[in-house]
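Shown next, in C-alpha cells, is the structure this report addresses.
Each value in this text was obtained by applying a stated rule to the coordinates, not by laboratory testing. All figures in this text were calculated on a predicted structure; none of them were measured in a lab. Cβ: placed from backbone, ideal geometry, glycine included. Neighbour counts: every protein chain shown.
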Amino acid sequence: MSLFAPSSGLTLLQSTKDHYFRQLFSSHFINHVQVRTVPYATPFLSVNVSGRPFRVSSRKLKPIIASAASTVETSNISFRGKNPKDINVLVVGSTGYIGKFVVKELTSRGFNAIAVAREKSGIKGKNSKDDTLEQLNGANVCFSDVTNLETLEKSVQGLGVSIDVVVSCLASRNGGVKDSWNIDYEATKNSLVAGRKFGASHFVLLSAICVQKPLLEFQRAKLKFEAELMKEAEEDNGFTYSIVRPTAFFKSLGGQVELVKDGKPYVMFGDGKLCACKPISEQDLASFIADCVLKEDKINQVLPIGGPGKALTPLEQGEMLFKLVGKEPKFLKVPIEIMDFAIGFLDFLVKIFPSLEDAAEFGKIGRYYAAESMLIWDPETGEYNAEATPSYGNDTLEDFFQRVLKEGMTGQELGEQTIF
C-alpha cells in the first residue's frame, strides 16, 4: 500500500529521498481496515493525539465472550465427534500470509483442509495455479472467487462433500475503503453463506485486536461481519463461531532490520513509547486458529491473542535490534504531528478529488498504528492493558529478528500492505 499513490501526484514526503519513512509505517501496519454500532465492543473512540507515552493498566479484565449463544449444546454438532481426517474444513484466504500457515497446521493435524484460492494468487497475483498447488501441498485446493457468491457456491458444490467448518483468513489487500468492505465484509460473508449452505456448523474468523477502537474502514467492515456472525449463532443453536483477534504480526515489525544492520538509525514516532504490542508469529497464530476448530472452550468467544513475553514499545524493539547486531543504539525520532498534518491535508483534498479517498485512508492507517497499542483496550480506565492481553506460543520477536538478520525477509513480504 502506498500512502501517496503515484496517480495522485502528491509528493508530500518523497520516499525516494528518505527511505526511513518507507520503513517506518510498514513496521506498524498490521494485516490487517471496519458497524458503527458494536454490540460487545467499546464505543467509537478518538485516536490519542496527546503524544503521551504508552501506559498499561494493571487492572484485571474479564475474558471477552459473546453475550449470547455461549451455552450451545455441543452434542448437537456432529463434526466434533469425528476423527479429524473426516472433518472437512473450508479455508478461505488460504494463500495469504496467515492463511497458508493455517492450511499447513490443519493438514498436519490430520484435518481434511479444503483451501479456496484464486487462480492467480499471492502479491499482485504473481502465483500461478501450479505455484498455489505446491504452496498448499497436502490440502485439497479449490480454485474459486470468494468475492462472487454464486461462483463460490458452485465451486463448493463441485467438491461433492459437505462442509463441517469454515476458517476465514481473509483480509483487505491494502486497507483501502472499497477493498476493505469488499473483502473484510462481503467476501467473508460469502464464505459464511456458502459454508452454511453446504453444512458448516462452525465458523472460525481471523479478525484483528485493533477493532476495539474502530477508526478505520477495515475495522468497521470486520466489526459488521463479527456482529452478523454472532447473530447467526444466536438464531441457530446448532451453529457456533470463534473470533480470533491477534495483535501485531512479526513481519509487520521487521521492516527496519536491514537498516539497523547497515548502520542506519531506527525510526520511531515521538519518544518511541506511544504504543506497544505483544507480537505473535504466523506459526503460533496458525496453531491457535487450528485449536478453535475443535476446542469447546473457544466456542462462541471473541479471543484476543498475542505472543509470549512482555509488551514491547517501538523503543524497546529498536534497542533489541541494536543489541542483536552489536551496535550502539541510534534513533531517528519523528514528530507524530507530521502525520496529523498529512491526514488533514489529504482529507481536504478528498473533498475536491474523491479519487484520493484511499490515500487519505492510508494516512489514517499509518497514524493509527503509530499511536495505538495492539493490546486489550480497557474502556473503564481508558488505557491499554498488557497484562490482560493473553499470550500464546513459544516464538519470540527476538528469535524472529535473529532469523531475519541471518536469512533476510524472504517470505515475509508485506506487498500491498506496505505504507510508503
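Results, tabulated for the structure shown:
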quantity: Cα-Cα separations in segment 175-324 greater than 27 Å, expressed as whole percent; calculated: 34
quantity: Length released on extending from residue 338 to residue 402, taking residue separation times 0.36 nm less the Cα-Cα span; calculated: 19.9 nm
quantity: Counted charge near residue 290, where neighbours are those whose Cβ lies closer than 12 Å (Asp, Glu -1; Lys, Arg +1); calculated: +1
quantity: Efficiency of FRET between residue 350 and residue 150 - r from beta-carbon atoms, R0 30 angstrom, step 0.05; calculated: 0.35
quantity: FRET efficiency, 1/(1 + (r/R0)^6) with R0 35 Å, evaluated for residue 129 and residue 78 via beta carbons; calculated: 0.55
quantity: For segment 282-379: Kirkwood Rh in Å [reciprocal of mean 1/r, alpha carbons]; calculated: 17.6
quantity: Estimated FRET transfer efficiency when R0 is 30 angstrom, pair residue 197-residue 283 (beta carbons, to 0.05); calculated: 0.40
quantity: Segment 142-241 - Kirkwood radius from inverse mean 1/r over Cα pairs (Å); calculated: 13.9
quantity: Approximate spin-label separation residue 409-residue 157, in nm, with each point projected 7 Å along Cα-to-Cβ; calculated: 4.4
quantity: Cα-based Kirkwood hydrodynamic radius, segment 186-268, one decimal, Å; calculated: 15.3
quantity: Calculated diffusion of segment 72-191, Stokes-Einstein form, Kirkwood radius summed over Cα pairs, 37 °C and 0.692 mPa s, µm²/s; calculated: 222
quantity: Selection from 390, 360, 332 lying farthest towards where the dipole of segment 299-396 points positive, charges on Cβ; calculated: 332
quantity: Karplus-derived 3J(HN,Hα), 6.51/-1.76/1.60, for each residue of segment 149-166, Hz, glycine and proline x; calculated: 4, 4, 5, 5, 4, 5, 5, 5, 4, x, 5, x, 9, 7, 9, 9, 9, 10
quantity: Amide H partners (placed H, <5 Å) of residue 305, local residues excluded; calculated: 245, 247
